[in-house]
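Colleague: Submitted below is the structure of interest, expressed as structure tokens.
Quick note: the coordinates plus some simple rules give every number you see, no bench work behind them. Please read all numbers here as calculations on a predicted model, not as lab measurements. Using ideal geometry, Cβ is built from the backbone for each residue, glycine included, and neighbour counts are taken over all protein chains shown.
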Amino acid sequence: MSKTAESVWNNCLSFIEDNITSQAYKTWFEPIKAVKLSDNALSIQVPSKFFYEWLEEHYVKLLKVALTKEIGTTAKLVYVIKMENTYGNKQPFTERIPSSNRSNTQASQEVDVPLKNKSPELKNPFVIPGIRNVKIESQLNPNYNFDNFLEGESNRLARSAGLAVANKPGGTSFNPLLIFGGVGLGKTHLGHAIGVEIKDKYPEKTVLYISAEKFTQQYIESVKKNNRNDFIHFYQIIDVLIVDDIQLLSGKAGTQDVFFHIFNHLHQNGKQVILTSDKAPVDMIDIEQRLLSRFKWGLSAELNHPDYDTRVAIIKNKLYRDGVEMPEDIVEFLANNIKTNIRELEGAIISLIAHSSFNKREITIELAKKIVDNYVKHTKREVSIDYIQKVVSDYFQMDVDTLQSKTRKRHIVQARQLAMFFAKKFTKASLASIGSQIGQRDHATVLHACKTVDNLSTTDKQFRKYVEDLNKKLTL
Ligand code: ADP
Ligand code: MG
């Protein structure tokens, strides 16, 4: 029976498969192709230099045993590294690596001459930390943990889902776990907390926290340096990947594409993915549909504005950790006046403490008021329905009479609906009263207008722009 490269390699594979985890097998052995068998040397093609280094580092002994079983003690293994489009050279280049009778490190050092164009730039920033000391720095901030992420109605679902994921990464149906919510509501904190907890429970797991922005930069860099494959492989060996602010991938087709592949690989291999975003999946724009649909595979959990009790608890916790005492009425004042952003709440506390200690002054309500004014830029001033109609008609370059008229012309109807929507949003007037002030309509018309605006602003980009622009004008 004659041996072929394929038959030899297949036998090796069955042996290897029995000896390592199925994940490792899938990651590191399935992509390999046997390309040639001559005398006692088997050539295998691997997707990148990184791949080869990884195999050498982790599986050289296993490969040696498998190969010796198949072709005897004189067996040699030759890696062919597929390097497409590298430095204008389309030809694959080869490195001959005798893997028998040598220790692991020697084998790497005594790499037999490559054919041509071996560039020193092949080494790349993703590879080096992963290869030589195997540990990948998690980039986690230990100060963001579950202990100091206070629970409240506003974050209960996200927090418990995060804990569930931390207890069993990859083993819950929350994969991916997508945490979304407005600025300063704790997305980054919670993302880190999950990673920190996993590292604590499962120190052997490779966890990586990365902002989508940094991910994008790395990707662009890898394209420039022609090591996109290495970039991908680097991410594919991670057990728990936390990507912060994925809305920033919007409009970046290349990065989305590469992330899609990494995501699929991790997901298929039971690895955990945690994502944060400042928008719900339905509101993300310029993100490819196939990626969006994956974001929805697991659980999307929202971080809402914290309620009063949670705000008080967060303030007290922060004061306690900083060893500062503050009168109860000031705590209440802060909690009452900074409602929508925990970062601002913390900022106000810090600057209050700083002011009082630099100026050796007691923390008083007056001081608190001054500081809060700096933080809450636009303490809401009541806007009138008249004013709203004026702003909306100016924006669409029509006069208020036109806005109120009975016409069914689309752009006028839309302007009227927007005016009703903002009247509802910014005033305390009832639906009926809004209707009577905006062209003598009834309350059902106003209700319908509010719903229409809600719907259109999630489905229609242009319309959302109107809403955002007007919102800005009305809150200035
Ligand atoms: P985001 O990423 O959503 O903009 P961050 O995670 O950066 O928000 O949170 C802003 C600040 O508020 C951080 O200092 C964070 O520690 C704090 N914070 C957010 N949520 C909580 C919470 N539930 N308990 C305690 N601190 C919180
Ligand atoms: Mg953040």
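Colleague: For the cross-link pairs LYS409/LYS461; LYS360/LYS425; LYS318/LYS370, which exceed 32 Å when the distance is taken from alpha carbon to alpha carbon?
Modeller: Beyond 32 Å between Cα atoms: LYS360/LYS425.
Colleague: Continuing with the same structure: Compute the relative contact order of the chain as a whole-number percentage, counting only Cα pairs closer than 8 Å that sit 6 or more residues apart in sequence. Please report the intermediate quantities before stating the final value.
Modeller: Numbers: 686 pairs, mean separation 51.2, N = 476.
Once normalised by length, the contact order is 11 percent.
Colleague: May I pose another question? Rank-order 165-171, 234-240 by packing density, defined as the average count of other C-beta atoms within 10 Å over each peptide's residues, highest first.
Modeller: Details: 165-171: 19.0, 234-240: 21.6.
Final packing ranking: 234-240, 165-171.
Colleague: Here's a follow-up. Tell me what the chain gives for mean residue ellipticity at 222 nm when only DSSP H runs of n ≥ 4 count, each as -39,500 (n - 2.57), the sum divided by the residue total, rounded to 500 deg cm²/dmol. The partial results should precede the final answer.
Modeller: On the way: 21 runs with 254 residues, N = 476.
So the calculated ellipticity at 222 nm is -16500 deg cm²/dmol.
Colleague: Also: Using DSSP to call loops (not H, G, I, E or B), can you name the GluC sites (Glu not before Pro) in segment 243-340 whose Cβ has at most 14 other Cβ atoms within 10 angstrom?
Modeller: Filter output for segment 243-340: GLU325.
Colleague: Neighbour counts of other C-beta atoms within 10 Å: give me LEU456, LEU177, LEU447 arranged from fewest to most.
Modeller: Ranking LEU456, LEU177, LEU447 by Cβ neighbours within 10 Å, fewest first, gives LEU447, LEU456, LEU177.
Colleague: Would you grab the residues whose amide H sits under 5 Å from the one on ALA41? Only those 5+ places off in sequence or on another chain, please, with H modelled 1.01 Å from N.
Modeller: LYS76
Colleague: Counting only DSSP beta bridges with both residues in segment 1-78, what percent are antiparallel, rounded to the nearest 5?
Modeller: Working: 5 of 8 bridges.
So the antiparallel bridges in segment 1-78 amount to around 60 percent.
Colleague: When only Cα pairs under 8 Å and 6 or more residues apart are kept, what is the percent relative contact order across segment 144-238?
Modeller: Across segment 144-238, relative contact order equals 28 percent.
Colleague: Between their Cα atoms, which of LYS252/LYS279; LYS205/LYS279; LYS26/LYS64 are more than 22 Å away from each other?
Modeller: LYS205/LYS279
Colleague: Moving on. With an 8 Å cut-off on Cα pairs and a minimum separation of 6 or more residues, tell me the relative contact order of segment 224-375 in percent. Before the final figure, lay out each step's value.
Modeller: Working: 122 pairs, mean separation 26.6, N = 152.
The value is 17 percent.
Colleague: Looking at the chain, send over the antiparallel percent of its DSSP beta bridges, to the nearest 5.
Modeller: Just about 35 percent of them are antiparallel.
Colleague: Quick one: Karplus J couplings for segment 147-161, per residue in order, coefficients 6.51, -1.76, 1.60, θ = phi - 60°, nearest Hz, x for Gly and Pro?
Modeller: Coupling constants for segment 147-161: 4, 9, 9, 5, 8, x, 3, 5, 10, 4, 4, 4, 5, 5, 4 Hz.
Colleague: Where does each of ILE315, ILE16 land when they are ranked from fewest to most other beta-carbon atoms within 10 angstrom?
Modeller: Sorted ascending by nearby Cβ count, the order is ILE16, ILE315.
Colleague: Among 403-409, 206-212, how do they line up by average Cβ neighbours within 10 Å per residue, starting with the highest?
Modeller: Result, highest mean first: 206-212, 403-409.
Colleague: Classify segment 156-303 as rounded, prolate or oblate from the Cα gyration tensor: take a ≥ b ≥ c as the square roots of its eigenvalues, call it rounded if a/c is under 1.5, otherwise prolate when a/b beats b/c and oblate if not. Please list the in-between numbers first.
Modeller: Details: a/c = 1.68, a/b = 1.20, b/c = 1.40.
It comes out oblate by the Cα gyration axes.
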